[in-house]
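Report on the following structure.
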Amino acid sequence: MSKGVRNQIVFSLIATLGAMVMGTILGWTSPANTLLQNGVGFPISVDDLKSFGSIFGIGAVFGALPAGKLSATIGRRYSMVLFEIIIIVGWIFLTMANASWMLLAGRVLQGVGVGALCTVIPTYVAEISQPHIRGTLGTIFQVYVVIGILYSYIIGSVVEYHTFNLLCGIWTILHVVLTFFIPESPYFFMYKKKDKNANTSMKKLREENDADIASELTVIKTEIELQKANQDTFTKVMANKANRKSLLIGIGCMFFQQTSGINAIIFYMGYIFNEIGSSITTNTSVIAVGIVQLVMTFVAMMIVDKAGRRVLLIVSAIVMSISFFCLGLYLEMSRKSVHKDSILSWLPLILIALYISAFSLGFGPIPWVVMGEIFSNEVKPYGTSLATATNWILVFAVTYLTFVTTNSIGFLGLFWIYSLFCALGALFVWYTVPETKNKSLTEIQLKLAGNDNSPSSTNDV
């Protein structure tokens, strides 16, 4: 492994540590539902507990929307630091809370910070990575999220409330400190016409000689100058075919990531197992599914730059659709013939594990990879913000509507609706998402514009 590749991996691991922070915050809700009862000096109602989970998503939307523009103004590194500081303030509110409004405020602040980090981090990783490892480095984001969630579950089961917050919040401080040791994106420096700074950053990220680095920076500079020449209002930026298509792809991938039902399954897993009559305990199912999700996300990280984005997304969507359809069939059959203690009572766990495996291989990590590489610099501030905001709006909407929908059409109807959305996701990828493995960011823009003549294009699925 060359020094340049090694540095890209190390800097990506540091930058993406923000996803670990995101995971601890997402996982905070479940342990906190129990710990808050004795951890604060005021009563907590059931409605309060529901609000602490849902209001986080609203904060994330407000964090995502300005994050793209801000990172284009002050840089990717300083944006990460700024939004992590907001998260730290959120942890302080949660830890020192003496009323419900402080808990709500803390969750909103955390949401703002996480929503923004989801916009900035994938952009940074895509910009510092060489094409042959960009997919692998991009999937680190989802790996960290899963690890963070499991970390919260484990820590929350053995410590009291204030210690729990401290041990989760320490990752935020660690990310802030380490971010000062990574280079700024060369793309940002070139965009700001700071060529010397860009050259310094690139030397930390590449093993090539000065001529090769200068050549790569020249390509970046030419691309940015062309985009700046066409840069104008959002309406005029969207007049460009490639920009319109990239925005459709970025938002579409996030749309189908959430309408695949992942957060509904995670949030309501125990309730689902009880309702469909499985004999598996909630703790067993959560641990089993968490382990499966972590392992399969690692698998995705290993193969994304070999199999390609399109193949994994399509296979992921098809397998998820089949899993949900079979869960619906099981539910229909269980009402008639499946005893709770029979061997078939394990089938829901197997099907949900299969669903989680498929999600972790494709629609879990890859939309974040695609978002980081699909947008040109002129549309990136708009595209990353809109795609991330779409994701968080749907996190809130899907989890809320899941509970409402089951009261009217039951889990059978719900599972088959998710099955339909997963199938539609496969069709969306087939007809709109180009293969981006082993392509430079410039080659991706040429492909979106219909001008791709790169050798690898003949190998696209």
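Residues in segment 35-53 that are part of a helix (DSSP H, G or I) and either open to solvent by less than 50 Å² (accessible area, probe 1.4 Å) or in contact (Cβ under 8 Å) with a residue 60 or more places away in the chain (or both): L35, L36, N38, G39, D48, L49, S51, F52, G53. Checked against (1) touching a residue at least 12 places away in the same chain (Cβ under 8 Å); (2) surrounded by fewer than 20 Cβ atoms within 10 Å (Cβ to Cβ), F56 passes all but a single condition, namely (2). The helices (runs of 4 or more DSSP H) located wholly in segment 268-344 that include 2 or more residues which are at pLDDT below 85, over 22 Å from V398 (Cβ atoms) and open to solvent by 80 Å² or more (accessible area, probe 1.4 Å) occupy 282-307. Scanning segment 345-361 for residues that are closer than 28 Å to Y431 by Cα, among the aromatic types (F, W, Y) and either open to solvent by 20 Å² or more (accessible area, probe 1.4 Å) or at pLDDT below 90 (or both) yields nothing.
Looking only at segment 414-432, which residues are open to solvent by 70 Å² or more (accessible area, probe 1.4 Å) and among the aromatic types (F, W, Y)? Matches in segment 414-432: W416, W430, Y431. Taking the criterion of being more than 18 Å from the chain's Cα centre (by Cα) and surrounded by 23 or more Cβ atoms within 10 Å (Cβ to Cβ), the only residue of segment 12-34 that qualifies is A32. Quick check: anything in segment 68-84 under 21 Å from V146 (Cβ atoms), open to solvent by less than 60 Å² (accessible area, probe 1.4 Å), assigned to a helix (DSSP H, G or I) and hydroxyl-bearing (S, T, Y)? There is no residue in segment 68-84 that is under 21 Å from V146 (Cβ atoms), open to solvent by less than 60 Å² (accessible area, probe 1.4 Å), assigned to a helix (DSSP H, G or I) and hydroxyl-bearing (S, T, Y).
The values are calculated or read from the model by the stated rules, or taken from the named source; none is laboratory data. Remember, it's a predicted structure, so these values are computed and weren't measured experimentally. Neighbour counts are summed over all protein chains in view; Cβ atoms, including those assigned to glycine, are modelled from backbone coordinates with ideal geometry. Calculation scope for accessible area: heavy atoms of the full protein, side chains included, ligands and nucleic acids excluded. Shrake-Rupley method; radii C 1.70, N 1.55, O 1.52, S 1.80 Å.
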